[in-house]
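Where a number appears in this text, it was derived from the coordinates with a stated rule and is not lab data. Predicted, not measured: the structure shown is a model, and the values here were computed from it. FYI the Cβ positions are ideal-geometry reconstructions off the backbone, even for glycines, and counts take in every protein chain you see.
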Amino acid sequence: MTVKNPKAAKNPKTRHYQDPSCAYCPPTVRACRQGEDRQRGPGFCPSRIAPEAIDDAFEHYAEPFVRKVAQESARVESEGYCRWTRVEEICAFARRMGFKKIGIATCISFVDQAYTLSGILESHGFEVASTACKHGSVAKEEIGLKDSEKIRALFLLKSSRNIEIEPVSLPASLDPSMVVQSAGRIRQPRRSRWGSSWHSGSSGHK
Ligand code: SF4
């Protein structure tokens, strides 16, 4: 039996760990910091459960690009740890790697922050590409979800040609203060990846 939580097994002799569980490693152990995990690591230590997998992973460091990423990131850490911001570290790492272009993948809720970051990176001479998680505007109906399973059921509605208004009921869990303006749900025809379907309008993807 796999015991994920070591405290859950009363008899230590019945514990048989199959899954690594670093989350439960006591602060007084954490032997990997001293390079002693295979000797002193707990029974759930990944270094003891799956040493072959760790050896296999280590072989990837023989690849020149992977090795350089590991080396330069360690050098950046050594030089700026707890002194540089993450943005400064990114710039230093990118310069060491010889990168000219940096990509930003951001949550739609952090596009304003991505704007700032993009400007900072450009001011340091990098070319920047960015994309938000909602790009493509794939509605959740297209993966089989209902309105009641989304975090936002009602949105600002604007009248427009070829838009059908369908009344919807609020899910019990919805905070009424989240509702900006209610009237119904915008529906308009759209070509789906899995065939023609109806889905909520451009503001209905949450
Ligand atoms: S690798 Fe092993 S020693 Fe290090 S934190 Fe995880 S369980 Fe603890």
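With neighbour counts taken as other beta-carbon atoms within 10 Å, the residues 24, 17, 81 rank, fewest first, as 81, 24, 17. Taking other C-beta atoms within 10 Å as the exposure proxy, 63, 88 rank 63, 88 from fewest upward.
Around the amide H of residue 102, modelled in the peptide plane, lie the amide H atoms of 127, 128, 129, all under 5 Å away and 5 or more residues distant in sequence or on another chain.
Among 38, 48, which comes first, second and so on when ranked by fewest other beta-carbon atoms within 10 Å?
With the fewest neighbours first, 38, 48 line up as 38, 48.
Restricting the range 82-156 to trypsin sites (Lys or Arg not before Pro) that sit in a DSSP loop and have at most 15 other Cβ atoms within 10 Å of their own Cβ leaves 83, 100, 134, 146, 152.
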